[in-house]
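Just below is one structure, and these are the notes that go with it.
The values are calculated or read from the model by the stated rules, or taken from the named source; none is laboratory data. Keep in mind it's a predicted model, so treat the numbers as computed, not measured. Because the Cβ atoms are built from the backbone with ideal geometry, glycine has one as well, and the counts that use them run over all protein chains shown.
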Amino acid sequence: MHRPAFVPHAAKDAFVLRTNVFVPGITTTAISGRLYVVHKQSLAVLLGDRPEVPTGPAGDGSLYLGTLDDAPCFARVLDEPAPPGGTELVPLRQLFGALSDEDFGVAGRALGLTSWDRDHRYCGRCGTATARSAAERSRVCPACAHPAYPRLSPAVIVAVERDGKILLARNARTRMPFHSVLAGFVEVGESLEGCVRREVTEEAGIELADIRYFGSQPWPLTNSLMIGFTARWARGELVEDPTEIAEAAWHAPDALPEVPGKLSIARALIDDFVRRHGA
Ligand SMILES: [Zn+2]
């Protein structure tokens, strides 16, 4: 789930028996299964040789997610940091690579859907208590029929190249030490390509050509979907927006500053640039 699908896997995997297949679902007759118990941005796991998601009775109020390898998966949110017996709360970020990719993806769904479910207990239009729909992933108001769907915020992220160099910037708002490709949230009424152009012009003052889709990555920690692009510099010189960007510059593939970790599509874009330029 976390890796952008920029390599076509279909042909390679055609004769491989697939394991760890998640099938989303809304309702089930099952009353127990795999339990994705979350508190804030952490997941309750059994700590052994490698962390594992516990199994057990779903309990009242659990949210059914679907099946993973035919096992029902349920999500539950904890208001207090009191994980079920034998488990410990571990920040989801730290479980990357420790859980299987699919399991990590289900945990991300658990995090995103439980927070949505909890934040939409009352109708945003008339204030009546809502109920979960049995037909689709929504909560519906019994008084005015207003539905609430899980919210997803699309964001673009783009690797811009000029003469064999990549544009990397340090964000002015975070204390993160690394330099990364530019990103920003899509506005209402905007196309993805339009957002790529606007963000890069606003933050770095340049114009782009040859904007191409790269891949995408769900980012449940902020209910986002990151949509990655590559692009070429077309015109203009770098002028940083000081409210967004602390420092922006063109970097050669063999002289990169500190870049984001393997978890991110940002890093996949940077690695792809380095690969294509043979550093
Ligand atoms: Zn209502």
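Flag not set for GLU199, criterion: modelled with pLDDT of 95 or more, in a helix (DSSP H, G or I) and surrounded by fewer than 18 Cβ atoms within 10 Å (Cβ to Cβ).
Pairs are defined by a Cβ separation below 7 Å, a sequence spacing of at least 6 or placement on different chains, a first member in the range 31-57 that is not assigned by TED's automatic domain parsing to the domain that holds SER115, and a second member that is buried (at least 16 other Cβ atoms within 10 Å of the Cβ); no pair meets this definition. Taken together, ALA110, ALA98, ALA129 contain a single residue that is under 16 Å from PRO220 (Cα atoms) and in contact with a Lys or Arg (Cβ under 9 Å, 6 or more places away or on another chain), which is ALA110.
Every residue, every condition in (1) among the hydrophobic types (A, V, I, L, M, F, W, C); (2) at pLDDT 95 or above, yes or no:
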site: GLU190; (1), (2): no, yes
site: ASP210; (1), (2): no, yes
site: ALA231; (1), (2): yes, yes
site: VAL239; (1), (2): yes, no
site: ALA248; (1), (2): yes, no
site: ALA252; (1), (2): yes, yes
site: LEU263; (1), (2): yes, no
site: PHE273; (1), (2): yes, yes
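Flag not set for GLU207, criterion: within 21 Å of the chain's Cα centre (by Cα), of a type outside the set (Gly, Ala, Ser) and over 30 Å from ASP103 (Cα atoms). Out of all the residues in the range 34-51, which are in contact with a Pro (Cβ under 7 Å, 6 or more places away or on another chain) and on the phi > 0 side of the Ramachandran plot? Those that are in contact with a Pro (Cβ under 7 Å, 6 or more places away or on another chain) and on the phi > 0 side of the Ramachandran plot: none in the range 34-51.
Only one of LEU111, LEU99, LEU68 is in contact (Cβ under 8 Å) with a residue 60 or more places away in the chain and not hydroxyl-bearing (Ser, Thr, Tyr). Can you tell me which? Just a single option satisfies the conditions, and that option is LEU111.
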